[in-house]
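A.B. asks: Mind having a look at this structure? Questions to follow.
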Amino acid sequence: MKSAEIREAFLRFFEEQGHTRVASSSLIPGNDPTLLFTNAGMNQFKDCFLGQEKRAYTRAVSSQKCVRAGGKHNDLENVGYTARHHTFFEMLGNFSFGDYFKRDAITYAWTFLTSDKWLNLPKEKLWVTVYASDDEAYDIWTKEVGVPAERMVRIGDNKGAPYASDNFWTMGDTGPCGPCTEIFYDHGADIWGGPPGSPEEDGDRYIEIWNNVFMQFNRTADGVLHPLPAPSVDTGMGLERVSAVLQHVHSNYEIDLFQSLLSASAKAVGCTSDNQASLKVVADHIRSCGFLIADGVLPSNEGRGYVLRRIIRRACRHGNKLGAKGSFFYQIVGALVAEMGEAFPELKSQQAHIERVLKAEEEQFAKTLEQGLKILEQDLAELKGNVVPGDVVFKLYDTYGFPMDLTGDIARERSLTIDEEGFEREMEAQRVRARSASSFGLDYNSLVKVDVATEFTGYTAHSGSAKIVALYKGGQSVDVLSEGEEGVVVLDQTPFYAESGGQIGDCGFLQAGAARFDVRDTTKTGGAFLHHGVLDSGSLTVGSPVQAQVDADVRHATSLNHSATHLLHAALRQVLGEHVQQKGSLVDSQRLRFDFSHFEAIKPEQLKALEEIVNAEIRKNSEVETEETDIDTAKQKGAMALFGEKYGDSVRVLSMGDFSVELCGGIHANRTGDIGLLKIISEGGVASGVRRIEAVTGAAALAYLNAAEEQLKEAANLVKGSRDNLIDKLSAVLERNRLLEKQLEQLQAKAASAAGDDLSASAQDVKGVKVLAVRLDGQDGKALLALVDQLKNKLGRAVILLGSVHEEKVVLVAGVTKDLTGQLKAGDLMKQAAAAVGGKGGGRPDMAQGGGTDAGALDAALALTVPFVEQGI
Ligand code: SER
């Protein structure tokens with residue numbers, strides 16, 4: 001059975017058991033800041049298990065793309081060295097949200113694996129583990145399903161803490177968790193390895209293919225397990241592993257899906273054997289990198305971007321080991337798309353983007369890879385013992401961009417380990433250095449009690465009454481704020497928008513009788529809105545009422561820029577492609593700034609098209625509509641959501657006609673026509689693969705155009721023209737300028753020639769040589785050169801030195817006629833003369849140039865000519 005057929009059979013089997021087929025979610029967990037990447041099928045259902053989200057179904061089935069290359073579940077270091085570890089894999093899973101529990105979960109799994117209608121695996125090849133104390137599961141397996149006790153293994157807390165066990169699954173440090181029962185496949189005695197729980201369990205003989213988790217608890221940060229509202233089921237079966245079993249191969253890398261990736265990798269790196277660990281690393285890594293980039297991650301130095309960078313760099317290094325020349329990794333994307341683009345269309349649509357990102361990263365790393373490897377070789381040659389010290393690992397990281405695990409990988413190939421703790425110490429020391437180099441203001445976020453919740457009334461109002469619930473001054477909670485003091489006011493409700501989603505916080509004032517607090521900025525921490533500002537007059541007391549008034553003009557201009565940002569985002573995707581993803585945004589009353597992923601400068605005609613599309617949408621004057629709904633409905637409507645952004649159960653969908661649908665909590669125009677006009681004022685790059693556009697709207701756009709028109713008028717005045725004939729006038733001025741320059745050149749040449757005639761008469765005879773040393777202030781080097789040439793022709797056997805003070809500098813040109821260069825060299829004369837004016841000079845024996853700064857010494861320099869000739873002849 002092909003992998004694609006297995007995937008489909010799994011989904012169908014569970015559909016037949018009443019499960020709803022749910023699409024894979026993004027690798028970037030959209031609603032979970034505790035997760036680095038989607039690492040299991042259950043991630044997208046986390047809130048269903050916790051009882052915080054209700055869906056239309058209680059049974060679901062999916063094939064989920066997963067990355068395990070960082071965070072709690074990290075397989076990166078094993079990849080390439082075992083038959084079954086990957087950075088990217090597909091997890092087939094069935095889920096019950098308070099519906100069925102242990103008995104059904106076990107029976108479904110067994111039926112799908114062993115029934116001749118489905119996978120038809122030999123029962124005697126299957127082993128089962130249960131959590132040591134889970135008698136219920138043990139009994140179902142042995143008494144109801146009939147697995148013999150000798151192929152059952154109980155596994156307890158084998159990882160050094162309560163509930164830390166291979167058979168107790170937790171998503172991360174917090175979240176849903178529970179005991180699990182795992183099904184293993186025995187690949188046969190010819191493969192090394194022992195059954196689960198035995199000392200040889202890490203071998204490749206017994207491979208876990210399916211994990212059934214009985215979700216029962218929610219683990220909170222304090223380590224306490226709270227029972228879930230209803231016992232649930234979360235299962236996961238690695239598609240690659242089960243494919244290996246069904247395709248009768250022992251390694252995942254031998255399955256159909258990997259064949260084309262391995263041969264494409266071999267071709268790209270230019271090696272012949274496709275059974276080397278390094279090639280497997282490359283073939284594995286192209287999947288995680290391709291999928292991560294398709295889901296919006298870009299290589300960077302932190303968070304998800306750094307994990308991606310680590311994987312790419314590890315692939316580069318392994319390709320390099322196999323002899324790859326130049327960039328190779330990006331060349332494998334085509335094979336990945338051919339293999340998986342059907343099941344995952346995002347790969348297809350983003351192919352060019354993925355290739356560009358990988359190529360750029362490879363090129364960047366190539367610059368330091370070779371040098372870093374050399375340094376490492378030197379350090380390893382001098383190494384005493386078998387641990388690479390932390391400072392070496394850090395130096396490679398800091399100077400050559402070697403992620404720690406890359407150095408670890410190289411060390412491991414030589415049976416060495418690295419001093420991870422030493423590396424972390426160096427990293428921490430660097431962080432401290434960085435921190436002390438920057439100074440931070442007061443962090444009110446850490447001060448404000450999280451249980452204060454401010455109700456936001458600002459979507460519909462600019463003003464309103466409220467009660468002060470907390471006051472802060474100089475980082476301390478206070479009861480009273482007095483005149484002249486700077487501080488933070490927290491209200492029970494407020495019309496002030498707090499900075500988020502790129503939109504700046506509102507400004508305005510709070511009034512309580514004679515007291516007036518000037519609000520300069522508004523931010524949010526937890527549920528509390530913080531009004532930052534200065535008390536201009538009076539005093540404020542906790543518990544007292546205030547009247548809040550937002551600066552409506554600033555807010556209005558900001559809202560236009562925010563709405564225009566959405567239009568621009570949608571237009572960018574239309575003009576540049578679907579790979580465009582928001583990478584940052586700043587919206588204030590003056591302008592909008594939008595950062596997005598794109599790999600080259602935007603062409604002028606594309607910028608024009610963007611403006612035209614956005615302005616056409618503005619003229620359509622569509623209503624800006626908002627709707628509160630759940631995230632799935634929002635996504636079905638095609639709402640653009642930000643990767644990595646946390647969205648709650650209820651999200652706000654903002655649409656403008658059928659042109660733009662985005663999740664957004666910001667303040668917007670009522671209709672697109674309110675924006676009036678959008679004018680792009682700049683475009684440029686801010687980081688590798690990230691571009692920035694700045695634009696103005698509304699009154700600011702008009703002001704921008706007016707200023708441009710003023711400049712145009714001024715320019716027209718200068719050439720005594722008008723806006724209409726400015727170009728003609730300017731062209732005429734330029735043409736006239738060109739003609740005048742030409743005439744000037746001709747006149748100068750004439751003048752020089754005439755001067756030459758006069759000058760030749762003043763040459764003096766020194767031992768049969770005509771010697772001429774003259775000062776011609778105002779002439780530049782070019783004119784002097786032409787003159788020396790002429791004089792040489794006129795004078796015959798001659799030595800000439802001309803000097804001039806031009807633009808406050810001394811210019812010198814010396815010439816010697818050819819018949820004399822055997823005895824007298826222009827270069828030698830020049831050296832003396834230039835030195836005399838505090839400069840340098842030189843040239844050929846017959847012609848030399850030089851200069852200096854000491855204009856007062858020019859006459860003395862010229863006077864050197866006669867003695868020079870006298871001595872030399
Ligand atoms: N969440 C469990 C796992 O990842 C079962 O899907 O193993």
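The values are calculated or read from the model by the stated rules, or taken from the named source; none is laboratory data. It should be emphasised that the depicted structure is a prediction, and the values quoted were computed from it without experimental measurement. Here Cβ is always computed from backbone atoms with ideal geometry, including for glycine, and neighbour counts include all displayed protein chains. In case anyone asks, the SASA skips ligands and DNA or RNA and just uses the protein heavy atoms, side chains included. Shrake-Rupley method; radii C 1.70, N 1.55, O 1.52, S 1.80 Å.
A.B. asks: Leaving out same-chain residues fewer than 8 places away, which lysines sit with a Cα under 26 Å from that of K359?
C.D. replies: K65, K267, K280, K321, K325, K348, K367, K374, K395, K583, K603
A.B. asks: Given the pairs K608/K729; K54/K635; K608/K679, which span a C-alpha to C-alpha distance of over 18 angstrom in this model?
C.D. replies: K608/K729
A.B. asks: Counting pairs of alpha carbon atoms under 8 Å apart in space and at least six apart in sequence, what relative contact order in percent does the chain give?
C.D. replies: 6 percent
A.B. asks: Which net charge results when you count Lys and Arg as +1 and Asp and Glu as -1 among the other residues whose beta-carbon is under 12 Å from that of D757?
C.D. replies: Counting the neighbours of D757, the net charge comes to +1.
A.B. asks: On to the next question. Using per-residue counts of other Cβ atoms within 10 Å, averaged over each peptide, order 384-395, 814-825 from highest down. All intermediate terms of the calculation are to be shown ahead of the outcome.
C.D. replies: Values: 384-395: 17.3, 814-825: 19.1.
So the order, starting with the most tightly packed, is 814-825, 384-395.
A.B. asks: Taking a ≥ b ≥ c as the square roots of the eigenvalues of the Cα gyration tensor of segment 49-161, is the shape rounded (a/c under 1.5), prolate (a/b larger than b/c) or oblate?
C.D. replies: In terms of gyration-tensor shape, rounded.
A.B. asks: Check segment 66-171 and count each lysine pair with an alpha-carbon distance under 30 angstrom, considering only pairs eight or more places apart or from different chains.
C.D. replies: For segment 66-171, the number of qualifying lysine pairs is 14.
A.B. asks: If you don't mind, there's one more thing I want to ask. Which ³J(HN,Hα) values, rounded to whole Hz and listed in residue order, are derived for segment 696-704 from phi using the Karplus coefficients 6.51, -1.76 and 1.60 in 6.51 cos²θ - 1.76 cosθ + 1.60 with θ = phi - 60°, glycine and proline given as x?
C.D. replies: 10, 9, x, 4, 5, 5, 5, 4, 4
A.B. asks: Give the lysines reachable from K794 as a straight Cα distance under 24 Å; neighbours fewer than 8 places away on the same chain don't count.
C.D. replies: By straight Cα distance, K794 reaches K750, K767, K770, K782, K818, K825.
A.B. asks: Please go through segment 145-203 and write out the GluC sites (Glu not before Pro) that DSSP classes as loop and that have at most 15 other C-beta atoms within 10 Å. Display every interim value, and only then the final one.
C.D. replies: Details: sites: E150, E182, E200, E201; in loops: E200, E201.
For GluC sites (Glu not before Pro) across segment 145-203 that sit outside H, G, I, E and B with at most 15 neighbouring Cβ atoms in 10 Å, the list reads E200.
A.B. asks: If you don't mind, there's one more thing I want to ask. What aspartates and glutamates could a cross-link reach from K713, if we take a straight Cα to Cα line under 17 Å and drop same-chain neighbours fewer than 8 places away?
C.D. replies: Leaving aside aspartates and glutamates fewer than 8 places away in the same chain, those within reach of K713 are D724, D728.
A.B. asks: What would the Debye equation give as log₁₀ I(q)/I(0) for the chain at q = 0.04, 0.08, 0.11 Å⁻¹, counting only Cα atoms as equal point scatterers?
C.D. replies: Taking Cα atoms of the chain as identical point scatterers yields -0.32, -0.91, -1.30.
A.B. asks: In degrees between 0 and 90, to the nearest 10, how far off the longest principal axis of the chain does helix 303-321 point, with axes built from Cα atoms?
C.D. replies: 80 degrees
A.B. asks: A follow-up question, please. Could you compute the net charge surrounding R313? Neighbours are other residues with a C-beta less than 11 Å from the C-beta of R313; K and R count +1, D and E count -1. List each step's numbers first, then the result.
C.D. replies: Numbers: positive: R309, R310, R314, R317; negative: E361, E362, D405, D409.
Summing Lys and Arg as +1 and Asp and Glu as -1 gives 0.
A.B. asks: In Å², what does the accessible area per residue of the chain work out to with a 1.4 Å probe?
C.D. replies: 45 Å²
A.B. asks: Right, next: In what sequence, highest mean first, do 417-427, 735-745 appear when ranked by Cβ atoms within 10 angstrom?
C.D. replies: Those peptides, ordered most packed to least, come out 417-427, 735-745.
A.B. asks: Here's another thing I want to ask about it. Can you give the net charge of the other residues whose Cβ lies under 14 Å from the Cβ of Q743, counting K and R as +1 and D and E as -1?
C.D. replies: Numbers: positive: R736, R738, K742, K750; negative: E735, E741, E745.
Summing Lys and Arg as +1 and Asp and Glu as -1 gives +1.
A.B. asks: Compute the long axis of helix 781-795 from its Cα atoms, compare it with the longest principal axis of the Cα atoms of the chain, and write down the angle in degrees, 0 to 90, nearest 10.
C.D. replies: 40 degrees
A.B. asks: Measure nothing fancy, just the Cα-based angle from helix 277-294's long axis to the longest principal axis of the chain, in degrees from 0 to 90, nearest 10.
C.D. replies: For 277-294 against the chain, the angle is about 80 degrees.
A.B. asks: Right, next: Can you pull the percent of the chain's accessible area that's carbon plus sulfur, 1.4 Å probe, other chains left in place?
C.D. replies: Ligands and nucleic acids excluded, carbon and sulfur give 49 percent.
A.B. asks: Something else about it: Looking at segment 144-207, which trypsin sites (Lys or Arg not before Pro) are DSSP coil and have at most 15 other C-beta atoms within 10 Å of their C-beta?
C.D. replies: K159
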